[in-house]
Amino acid sequence: MEAALTQATITPTQLKADVLRHLTFTLGKDAANASPYDWRMALSFAVRDRIVEPWFASTRQTWAQDRKRVHYLSMEFLIGRILEDATVNLGLREVAEEVMAGFGQDFHGLVEGEPDAALGNGGLGRLAACFMESMATVGCPAYGYGIRYEHGLFKQSFQGGQQAEMPEDWLSMTNPWEFARPESAYVIPFKGEVKTEAGREVWLPSETVLASAYDTPVIGWQGKWANTLRLWAAKSTQQFDLERFNRGDYAAAAEPEALARTLSRVLYPDDTTYQGKELRLKQEFFLTSAALQDILRRFKTVHSNLLDLPKYVAIQMNDTHPAIAGPELIRLLSDENGLSFQDALETARGCLGYTNHTLLPEALERWATFTFGTTLPRHMQIVERIDSWHRSAYHPPHYIGIVKHHEVRMGELAFVMAHKVNGVSALHSDLVKKNLFPELNALHPDRICNQTNGVTPRRWLKMSNRPLSALITKTIGEGWEADLDLLRGLEPHCEKPAFLAEFDAAKRANKVALADWINTECGVTVSPDALFDVQIKRIHEYKRQLLNILQTVAHYQRIKADPSADYVPRVKIFGGKSAPGYAVAKEIIHLINDVARVINNDPEVGDRLKVIYPANYNVSMAERLIPAADLSEQISTAGKEASGTGNMKFMINGAPTIGTLDGANVEILQEVGADNFFLFGMTTAEAMKRREDPEQSRKAIEASAALPGVLQAIAEGAFSPEQPDRYHGLVHRVWHHDYFLVAADFDAYDAAQAEVDKAYADRPRWVKMAALNTARSGFFSSDRTIRSYMKDIWSIESALGV
Ligand code: 26V
């Protein structure tokens with residue numbers, strides 16, 4: 001076997017020459033009048049050059065050894081910035097800092113000029129990005145397949161405390177990380193009709209668009225391996241209509257191109273409610289068909305027997321969004337390549353795996369058979385055939401329909417077409433078995449497995465938390481970046497005051513930097529000595545930002561009632577976007593901002609309590625907030641958060657969790673121990689039981705000492721004096737329609753927060769708790785997750801032999 005690909009080190013002199021060469025010859029700029037943008041581009045191209053060699057070497061090795069590859073199909077890749085991450089993985093960050101300083105440029109200023117690649121909504125998309133980096137790190141040959149959205153997730157601003165959305169425009173400047181591959185393009189068919197010709201079904205589509213590839217290399221830790229993220233852009237299959245243009249009909253001449261491009265124009269920003277929009281279905285098929293055509297083309301360049309496909313090709317469906325892969329692969333194998341239906345089906349199943357990321361019924365995809373059948377008429381037939389095959393092969397005791405009540409259920413389709421189905425945390429996988437697919441699980445008891453999520457320690461510790469990373473390396477040496485279990489070596493040091501003092505100092509340095517940023521960004525002064533309490537994630541009722549802000553109001557009322565008492569100073573930090581059409585979530589955002597305004601301007605409160613909500617939370621903001629957090633808020637209603645991955649990032653960065661027994665919190669608690677985790681609230685079973693009582697929230701409010709006063713103040717307009725009845729609806733819902741059990745968990749949460757205050761006031765105890773969170777976080781590396789997928793689902797060996 002070939003030796004591991006190794007990264008040649010680069011001297012400052014070499015990098016300097018590379019940057020200047022790109023500035024001059026790629027950008028056509030003179031150093032004397034280059035802007036920060038030009039310098040960033042020149043540096044990015046110079047860094048990219050260093051990725052290309054390992055990228056080619058990895059690709060060549062995979063071909064030469066005829067290795068099996070993973071194909072990760074995802075409608076979302078929430079990548080963030082690339083430049084700094086690439087320099088970290090190449091071991092070039094310090095060199096780049098030095099070289100750019102020599103040009104009078106601040107490396108970090110340049111890095112921050114790069115727009116986030118925000119091609120995702122939240123957890124699911126960020127997980128795909130962590131997986132890409134981990135697959136490259138562990139040497140798993142892989143392609144990521146997605147859509148090159150012209151506009152990623154919208155930008156958020158606050159106007160009078162309310163969320164406003166602006167279009168995001170990451171491609172308005174040159175994207176130095178992608179390579180256009182116009183020669184890799186596929187025709188994607190839609191609509192039309194299916195005819196039977198000589199006993200065969202022939203699809204005659206009435207619309208086509210072209211999927212054109214853009215490749216971004218993804219470099220792993222120490223540049224030992226690189227994979228490809230291939231994103232598809234939609235183009236017209238029709239030629240530009242010169243005749244129309246010459247007749248002066250300019251708009252009509254450009255129309256086919258504009259229409260085709262709508263397919264890759266914008267990311268759907270609603271990850272909470274499935275809406276059944278035809279454009280969304282078309283986007284899903286566009287990604288999936290392009291990826292599968294590409295996979296088959298690559299396979300056929302070296303193999304002739306399509307029945308061998310599962311030996312060389314693993315295809316992972318990131319949720320049901322690409323679940324059309326089942327029928328589409330059957331169509332390509334049978335209609336286009338002559339396999340029998342049965343062989344096509346078995347071959348497809350051998351390749352496909354399906355990951356479920358949510359149990360929320362409103363987020364499960366179900367397409368009206370009308371929409372599905374008109375958009376993809378041939379696939380409608382194939383789905384019916386899969387359904388009847390499954391029924392006759394497995395004899396379900398009662399009817400499990402993929403097609404039921406005039407809808408195609410994408411979860412059932414993905415399940416039946418996959419050889420493995422997985423949930424994303426131990427608790428979630430259990431609920432996938434028991435609540436989501438009980439009948440299918442009974443028929444196929446070995447199909448569902450668990451793959452607890454993870455995050456990449458390169459971006460989420462090495463890159464974004466330099467003080468702590470330096471301390472870790474000083475204490476246990478190098479190597480933890482690619483073997484996070486080594487952090488266990490910190491445990492004995494968690495008994496030593498000298499180490500704890502340094503741990504505390506690292507956290508404080510991050511908090512000072514964040515306090516500075518908050519001051520410029522939000523115009524609020526916060527003390528770095530206060531407890532930084534952070535809840536950052538999409539705004540959703542089940543995530544219960546409302547519980548957090550109600551408890552904040554309770555705390556505020558206590559300070560007001562007894563201003564001379566001792567309080568542990570706290571900064572409550574919120575971050576997150578609401579889906580544009582999610583009215584209840586938007587009301588919660590408004591409330592947080594209203595409460596913040598009142599509290600932050602109350603002179604009697606001062607440093608004892610501040611509420612901060614910077615607009616436009618994204619990956620880059622998370623990289624700032626997480627290293628500076630003292631407390632991680634993971635307070636979803638039990639049974640609703642599939643896993644969470646932010647929770648893991650906080651743990652790695654030494655922030656204890658206040659949280660419920662939900663998602664991967666369960667495993668975090670198990671790893672870190674009950675002494676180092678602030679657990680509260682109902683379990684999944686208790687929550688389900690509690691909802692059976694229609695009076696449950698009223699009873700909880702009346703039993704609480706603090707909650708009635710909190711709700712009354714909000715209802716009376718204490719935080720919205722300009723419109724006193726602003727929150728009547730919101731308060732009414734807490735009293736009478738509290739499905740997410742905010743009231744029922746309120747007192748337990750409030751009590752847990754009091755425990756947090758007590759622990760924080762005891763400095764040695766707190767710092768030790770924080771350090772133990774880091775020391776015991778090794779399990780949550782996405783390298784572990786990827787190795788587990790390779791073994792349990794993909795049957796793939798590492799090309800690096802690790
Ligand atoms: C659903 C839909 C519905 C159709 C329109 C667009 C769209 C986009 C996304 C989604 C599903 C989002 C599901 C999701 O993000 N789940 C999160 O996955 C994380 C990674 O596994 C996990 O940590 C979070 O707990 C889970 O909420």
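The values are calculated or read from the model by the stated rules, or taken from the named source; none is laboratory data. These numbers were taken from a predicted model, which means no experiment stands behind them. Ideal geometry is used to build each Cβ from the backbone, glycine not excepted, and the neighbour counts take in all protein chains shown. Ligands, DNA and RNA are stripped out before the accessible areas are found, and what is left, the full protein with its side chains, is counted by its heavy atoms. Shrake-Rupley method; radii C 1.70, N 1.55, O 1.52, S 1.80 Å.
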Pairing a residue in the stretch 328-339 that is closer than 18 Å to S304 by Cβ and open to solvent by 10 Å² or more (accessible area, probe 1.4 Å) with any residue that is among the small types (G, A, S) and at pLDDT 95 or above, where Cβ atoms lie under 6 Å and the two sit 6 or more apart in sequence or on different chains, gives S334/A344
Among the residues of the stretch 108-128, the number that are within 16 Å of the ligand (Cβ to nearest atom), open to solvent by 10 Å² or more (accessible area, probe 1.4 Å) and assigned to a helix (DSSP H, G or I) is 3
- Yes or no: L296 assigned to a helix (DSSP H, G or I), closer than 18 Å to A128 by Cα and at pLDDT 95 or above? no
query: Is it true that some residue in the stretch 152-169 is over 30 Å from G581 (Cβ atoms) and open to solvent by less than 60 Å² (accessible area, probe 1.4 Å)?
result: no
* Determine if the stretch 196-206 includes at least one residue that is touching a helix residue (DSSP H, G or I) at 6+ places or on another chain (Cβ under 8 Å) and open to solvent by less than 20 Å² (accessible area, probe 1.4 Å). => no
Filtering helices (runs of 4 or more DSSP H) wholly in the stretch 388-459 for at least 1 residues that are more than 15 Å from the ligand (Cβ to nearest atom) and open to solvent by 50 Å² or more (accessible area, probe 1.4 Å) gives 438-443
Among K507, K474, K462, the single one that is surrounded by fewer than 14 Cβ atoms within 10 Å (Cβ to Cβ), at pLDDT 95 or above and assigned to a helix (DSSP H, G or I) is K474
In the stretch 683-737, residues that are in contact with a helix residue (DSSP H, G or I) (Cβ under 6 Å, 6 or more places away or on another chain) and over 22 Å from Q557 (Cβ atoms) total 2
When the stretch 364-383 is checked residue by residue, the ones that are surrounded by fewer than 17 Cβ atoms within 10 Å (Cβ to Cβ) and small (G, A, S) are A368
Per the filter on the stretch 522-574, residues within 16 Å of the ligand (Cβ to nearest atom), polar (S, T, N, Q) and outside any helix (DSSP H, G or I) are Q535
Checked the stretch 258-276 for anything away from the ligand (no atom under 16 Å from the Cβ) and surrounded by 15 or more Cβ atoms within 10 Å (Cβ to Cβ); matches are A260, R261
By my count, strands (runs of 3 or more DSSP E) wholly in the stretch 135-235 with at least 2 residues that are out of contact with any Cys (no Cβ under 6 Å at 6 or more places or on another chain) and closer than 30 Å to I592 by Cβ are 155-159, 162-166
Of the listed residues (T26, T9, T62), the one being in contact (Cβ under 8 Å) with a residue 24 or more places away in the chain, surrounded by fewer than 19 Cβ atoms within 10 Å (Cβ to Cβ) and in contact with a helix residue (DSSP H, G or I) (Cβ under 9 Å, 6 or more places away or on another chain) is T9
Filter the stretch 25-40 for residues that are part of a helix (DSSP H, G or I) and within 23 Å of T87 (Cα to Cα); the one that is nearest to the chain's Cα centre (by Cα) is R40
Residue set E133, E94, E53; condition within 16 Å of the ligand (Cβ to nearest atom) and of a type outside the set (S, T, N, Q); output residue E133
Within the stretch 231-262, the count of residues that are acidic (D, E) and in contact with a strand residue (DSSP E or B) (Cβ under 6 Å, 6 or more places away or on another chain) comes to 1
Contact list, first residue from the stretch 149-178 and more than 21 Å from H22 (Cβ to Cβ), second anywhere and aliphatic (A, V, I, L, M) and surrounded by fewer than 16 Cβ atoms within 10 Å (Cβ to Cβ), beta-carbon distance below 7 Å, six or more apart or interchain, is F154/M166; K155/M166; S157/A164; S157/M166
By residue number, the members of the stretch 572-584 that are over 18 Å from the mean Cα position of the chain (by Cα) and over 13 Å from N548 (Cβ atoms) are P580, G581, Y582, A583, V584
The one condition I635 fails out of (1) within 16 Å of the ligand (Cβ to nearest atom); (2) within 27 Å of M166 (Cβ to Cβ) is (2)
Query raised in the report: Taking the stated definitions as given, is H303 within 16 Å of the ligand (Cβ to nearest atom) and either open to solvent by 30 Å² or more (accessible area, probe 1.4 Å) or closer than 19 Å to F437 by Cβ (or both)?
Result: no
Note on the stretch 347-370: residues without any contact (Cβ under 8 Å) to a residue 60 or more places away in the chain and closer than 30 Å to T684 by Cβ are P361
Scanning the stretch 653-667 for residues that are aliphatic (A, V, I, L, M), buried (at least 24 other Cβ atoms within 10 Å of the Cβ) and within 15 Å of the ligand (Cβ to nearest atom) gives A664
Reported set for the stretch 371-417 where residues are under 15 Å from E346 (Cα atoms), of a type in the set (A, V, I, L, M) and free of Cβ contacts under 8 Å to residues at least 60 places away in the same chain is I382, V383, A393
Just one listed residue, out of I592, I612, is under 30 Å from P721 (Cβ atoms) and surrounded by 24 or more Cβ atoms within 10 Å (Cβ to Cβ), and it is I592
Residue set A703, A775, A754; condition over 30 Å from G353 (Cβ atoms) and surrounded by 15 or more Cβ atoms within 10 Å (Cβ to Cβ); output residue A775
